[in-house]
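Encoded as structure tokens, the structure appears first; notes follow it.
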Amino acid sequence: MERGYWIRSKPLYDSLVWKQKATGHVVIAQGEGGIAVLKLFQQMCPREPITLLFADDASTSKNYADIIHTLVPEGVQICDSEQAVLDKLQAQLPNYLMGTQFYVAGSEAFIWDVLAELKVYGVQDINVEKELSGTLARSVYCVHCKTTDRDVHHSIHQCSGCGRHLFVRDHFSRRLGAYMGVMVDAEEPGNIPAKEEIYP
Amino acid sequence: MNMAFKQETFRDDYTYHNSAEAIRRFPFPFAEDEYMYSVNIEQHNGGEPGSVFEHAIDVDEHYVAECEDRRIVLEDDPNRYIALPHMMDAQWDMVELVMESLSRDYPDLFQLTRDGDNWHWINQPLGIDQKFVFGDEATLPMQPCEYITRQVQGDWIILDQRDDDLFADLGMVTSQADWSMAFDAGMSFKEWHGPVPQANELGIFDRALKYLLHLQYGSPVRRLNWTMTINPRLDTSPENYPFWGPDNVSVTPDNVGDKVHLRVELQALFRLPRSNAIAFSVRGYLASINDLTTYPRWAKRLHRVLTNLHPDLSEYKGLDNYRQMVIDHLAPMDDGEELALGTQPE
Amino acid sequence: MSILDVKVADVEQVTEVVKHFTLVQENGEPLPHFSGGSHVVVSMNINGRIHRNPYSLMGSTANTDSYHISVRKQENSRGGSKFMHEQVKPGTRLQITYPVNLFAISKLGHRHILIAGGIGITPFMSQIADLNRLGYDYELHYAYRSPEHGAFREQLEEMCGKRVHFYIDSKGERLDIPALLKQQPLGTHVYTCGPEPMVKALHLHAENLGWPENHVHSEEFTAPPVGDEFTVELAQSGIEVTVPGDMSMLEAMEEAGAEPPFLCRGGACGRCELEVVSCDGLIMHNDHYLSDHEKAEGRSIMPCVSRAKCSKLVVNL
Ligand code: HEM
Ligand code: FES
């Protein structure tokens, strides 16, 4: 029997490491991704220009912005929300050239929000360094009504669009940045297993 | 093949049924008493007259009803057709593939006249008469691939080839065995096959992908896949699982022969010339256990395959609720006689 | 493998060493459609020996009344290009495979930089037809030895307008690859076809400048090199085949009546890969397909371009 398991449709999230070959580096992080950023900057920094976009997670009291600000000498742009990070990234992307390396850290939903922005400029997700930080919460796409709910910690999850109780399958779409949710009691309506927190 | 098109339904009252001839040509997939996934790919360049392999695209007595079922599905959920923007060349390739095949192989039913880029398409069974300019989207009532796949049986997934991989970037999927094009769109070969048990471990996907990357224009290939469906329902999509899910627990020893259908997918792969994409067609054939057991050889074979089936495959295909009931139903028909290799009915 | 019977409709001397051939189908029908960057494999009967060489299709992808290929006469060739230059005339009959594309434009690219060296211009001719038709953003950089070697220059100026740049070596004009790569916006893909040093240089510069591997594309067909004679045993049939020094292993097996698969015949695609059962010497890998690790392991050989220095090689065929 295999130990652990691997979702073949999902990329592996690794620890951020500077790429040796580059003409510039752009680090984009949110919330607990702050730790990944701090670890990254404890490695020997590359000589090429570095830009860092960061926002703390407003929903927790944890704060990394200040320490990042003191630790990272140049190129830091602290934003006050995830959305502000994405907006800033969007505004700056047209200026970057081939050879720029991108690094993302944060929740899975944030990672795929950033990757969606990059995709608009022809940057493919496989060429971006990604580190999943903090929560294992999933975005769940309801295959029945096509609503995507973010920050899902439980299987079974009740869809905010159609109200169905969804079993979260281990099948991930990079295009949607979400896992597939399928009605759990389709065969025997009302027969709904207890919900458990499995994505803390 | 008898071309009296049936008026029948694949939902609600389920009036679908097979003629004796349709049963005889049913692509029964089991050549041996055991089944396991394999790279079962073979040439698809003309088969025996009358068989489902005779033509590149098979048209049979269910043609009109299947196109109607697709129309109903799309009316309810237009997202069963998905087209990413870089696939427009492939869309036109699809128009050419389907129109050329059908008009060549069924000239009494379909006619295509071409004068340069000015094409004239007549589809008699569906009462369509369309003049358009090949390559000019504005001259068709909808996107080219949607237009043409509404006029052909089976699901179609068109794969873009890049980075030594295939990506599901275009598709019309309304009669699938429990997977979603809206969800899988844009995925690579290994990503969309992610949920399949066993096959990856056997190296099947590595070998199949390598083979397909080299698929040549003019040399299509095919394979068979199978599952089981309760009632002759084409749209067993995850999208509509709430509607067909309850059927899975409706099988009883009394209705098993009638309700449980073997669903065989004839999957053909064609390299497309302008786009270098690959068209993957999944044509489903449905036959009830009662249909199949009109041939004792098939009854015995199916009994053995289901008895020996790997539990992971049984679970993945969704057979666990009723597989034993089918086995019990078939058991009295299996005298243990040794069956020679082959899928033939007699 | 589907084969087309064609007839040479026209032969044109383009430069001192390059000839351009127009091929039409013998039965008068249009040829199959194809995508930019495709090639066909041409079979020639040279003194009773069948010789097969890959050539890029150059014409417009929109017009399939005829196919267009160009052949550079290779000095040390084993005969293919020499035969095309000296024996093939209007009216000559040839057989070609259906088109195969191993050098396609990446449809997700936002901008495409094409870099050609010498006769390496040929696959770009059909790619440019596609890029123009699709309205994609591109630039062509074409380097050649001296003014009289600039095959198709006028045609390219017409097709590409301001998008084409020429570099003539004898005039001291050089393409500065790093400078070119450094100024490209995100989403750019680069493609190259030409002499091996140029292809290698592009890959090296692109890597050093942080370009992802899947944004760098090259077409590199190797002509089968000559070598020593050796013997191949086909394990499944027990047939033994002698591979003469001036023939590739693939050709020798074909001549012996075997039908091993192939697509590019240039060590690029991987289709002809054969499992090595045993070899009592060294395998001389000449392909671009197997990784260095696989080459060192020696469990596979690409018979279209690779051979062995041994007395007997046994393959699983
Ligand atoms: C290139 C076109 C192909 C497409 C678009 C395709 C698509 C799919 C999809 C969507 C599934 C369902 C996965 C799920 O449960 O979500 C599937 C299942 C499967 N595919 Fe493919 N496939 C292709 C080619 C192949 C080939 C060439 C092979 C093998 C040699 C193969 C072997 C399988 C197997 C074994 C299954 C499991 C089927 C079952 O047990 O019902 N596929 N395929
Ligand atoms: S035929 Fe392509 S590598 Fe040998």
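The values are calculated or read from the model by the stated rules, or taken from the named source; none is laboratory data. On a predicted model such as this, the values are computed, not experimentally measured, just so you know. Glycine also receives a Cβ, built like all others from the backbone with ideal geometry; neighbour counts cover every protein chain displayed. Each accessible area value is taken on the protein alone, full model and side chains, heavy atoms only, with ligands, DNA and RNA left out. Shrake-Rupley method; radii C 1.70, N 1.55, O 1.52, S 1.80 Å.
In Å, what Kirkwood hydrodynamic radius results for chain C from the alpha-carbon pair distances?
Values: mean 1/r = 0.0484 Å⁻¹.
Mean inverse Cα-Cα distance, inverted, gives 20.7 Å.
Using a 1.4 Å probe and counting only protein heavy atoms, arrange B:D108, C:D10 so the residue with the most accessible area comes first.
The ranking, largest first, comes out as B:D108, C:D10.
Choose one of B:T343, B:A22, B:Y322: the residue whose Cα lies farthest towards the positive end of the charge dipole of chain B (beta-carbon charges +1 Lys, Arg; -1 Asp, Glu; about the Cα centre).
So the residue furthest toward the plus end is B:T343.
Rounded to the nearest 100 Å², what is the sum over both chains of accessible area buried where C meets A, with a probe of 1.4 Å?
1400
Provide, in order from the shortest bin, the percent of all Cα-Cα pairs of the protein assembly as shown in each 20 Å bin, continuing until the bin that contains the maximum pair distance.
13, 41, 37, 9, 0
Report, in debye and to the nearest 20, how large the dipole of the protein assembly as shown comes out about its Cα centre when Lys and Arg carry +1 and Asp and Glu carry -1 on their Cβ.
2000
Students often get this wrong: which residues of the range B:236-250 have the backbone nitrogen under 11 Å from the point 7 angstrom along Cα-to-C-beta of A:E188?
The answer is B:249, whose backbone nitrogens lie closer than 11 Å to the label point.
For the range B:119-184, what is Rg from Cα atoms divided by 2.2 N^0.38 Å, rounded to two decimals?
That ratio works out to 1.33.
No partner Cβ under 4.7 angstrom, meaning no disulfide-compatible partner by this rule: which Cys of chain A qualify?
A:C45, A:C79
Suppose each label sits 7 Å from its Cα in the direction of the beta carbon; what would the B:L339-C:S146 distance come out to in nanometres?
Between B:L339 and C:S146, the simple spin-label model gives 7.6 nm.
Hey, what angle do you get for helix B:63-76 against the long axis of chain B, alpha-carbon based, 0 to 90 degrees rounded to 10?
With both axes taken from Cα atoms, the answer is about 80 degrees.
Can you give the accessible area per residue of the range A:50-147, in Å², using a 1.4 Å probe?
41
For the pair B:F243 and B:N40, how long in nm is the line joining their label points, each one 7 Å along Cα→Cβ?
3.0
For the range A:114-154, what's the relative contact order in percent, using C-alpha pairs closer than 8 Å and at least 6 residues apart?
Across the range A:114-154, relative contact order equals 26 percent.
Once both axes come from the Cα atoms, what is the angle between helix C:122-134 and the longest principal axis of chain C, in degrees from 0 to 90, rounded to 10?
Helix C:122-134 and the main axis of chain C meet at about 50 degrees.
When the accessible area of the range C:142-295 is split by element with a 1.4 Å probe, what percent falls to carbon and sulfur?
48
Let me have the relative contact order for the range B:271-340, percent, based on Cα pairs under 8 Å that are six or more residues apart.
RCO, the range B:271-340: 33 percent.
By the gyration tensor of its Cα atoms, with a ≥ b ≥ c the square roots of the eigenvalues, what is the shape of the range C:111-219: rounded for a/c under 1.5, prolate for a/b over b/c, or oblate?
oblate
Which of the residues in the range A:119-145 show a loss of at least 30 Å² in accessible area from their chain by itself to the complete set of protein chains, at a probe of 1.4 Å?
A:Y121, A:G122, A:Q124, A:N127, A:Y141, A:V143, A:H144
Would you mind calculating the relative contact order of chain C from Cα pairs under 8 angstrom and at least 6 residues apart, reporting the percent as a whole number?
15
Take the Cβ-Cβ distance between B:N308 and B:Q130 as r, set R0 to 56 Å, and report the resulting FRET efficiency rounded to the nearest 0.05.
After rounding to 0.05, the efficiency reads 0.65.
Taking the Cα atoms only, what angle lies between the long axis of helix C:196-208 and the longest principal axis of chain C, rounded to 10 degrees?
70
Could you tell me the calculated FRET efficiency between C:N47 and B:T139, based on Cβ-Cβ distance and R0 = 56 angstrom, to the nearest 0.05?
The computed FRET efficiency comes out at 0.55.
Could you tell me the calculated FRET efficiency between B:N255 and A:I35, based on Cβ-Cβ distance and R0 = 60 angstrom, to the nearest 0.05?
Values: r = 59 Å, r/R0 = 0.99.
FRET efficiency, B:N255 to A:I35: 0.50.
Given a cut-off of 21 Å, name the pairs among A:K88/A:K119; C:K82/C:K200; A:K146/C:K107; C:K73/C:K309; A:K130/B:K210; A:K19/A:K39 whose C-alpha atoms lie farther apart than that in the structure shown.
Details: A:K88/A:K119 16 Å; C:K82/C:K200 27 Å; A:K146/C:K107 27 Å; C:K73/C:K309 28 Å; A:K130/B:K210 28 Å; A:K19/A:K39 14 Å.
Pairs exceeding the cut-off: C:K82/C:K200; A:K146/C:K107; C:K73/C:K309; A:K130/B:K210.
For C:R299, tell me the accessible area in Å² from a 1.4 Å probe, rounded to the nearest 10.
That residue has around 150 Å² of solvent-accessible surface.
With +1 on each Lys and Arg Cβ and -1 on each Asp and Glu Cβ, and nothing else charged, work out how big the dipole of the range C:3-101 is about its Cα centre, in Debye to the nearest 20.
Working: 10 positive and 9 negative charges, 86 e Å.
It comes to approximately 420 debye.
Can you tell me the dipole magnitude for chain C around its Cα centre, using point charges on the Cβ only (Lys, Arg +1; Asp, Glu -1), in Debye to the nearest 20?
Here the size comes out at about 520 debye.
Using a 1.4 Å probe on the protein heavy atoms only, what accessible surface does B:H120 show? Give it in Å² to the nearest 10.
Counting only protein heavy atoms, the figure is 40 Å².
So how compact is chain A: Cα radius of gyration and Dmax in angstrom?
Looking at chain A, its Cα Rg and Dmax stand at 18.4, 61 Å.
Taking a ≥ b ≥ c as the square roots of the Cα gyration tensor eigenvalues, with a/c under 1.5 meaning rounded and otherwise prolate when a/b beats b/c, else oblate, which class fits the range B:46-168?
In terms of gyration-tensor shape, rounded.
For the range B:117-184, what is the accessible area per residue in Å², given a 1.4 Å probe and the full set of protein chains?
Ligands and nucleic acids excluded, the result is 32 Å² per residue.
Go through the range B:233-281 and flag every residue whose accessible area shrinks by 20 Å² or more with all protein chains in place compared to the isolated chain (probe 1.4 Å).
B:P238, B:E239, B:Y241, B:P242, B:P246, B:V249, B:P273, B:R274, B:S275, B:N276
Would you kindly find the accessible area of B:D254, with a 1.4 Å probe and non-protein molecules such as ligands, DNA and RNA excluded, rounding to the nearest 10 Å²?
150
For the pair C:K200 and C:Y136, how long in nm is the line joining their label points, each one 7 Å along Cα→Cβ?
About 2.8 nm, to one decimal.
Taking a ≥ b ≥ c as the square roots of the eigenvalues of the Cα gyration tensor of the range B:1-115, is the shape rounded (a/c under 1.5), prolate (a/b larger than b/c) or oblate?
Verdict is rounded for the range B:1-115.
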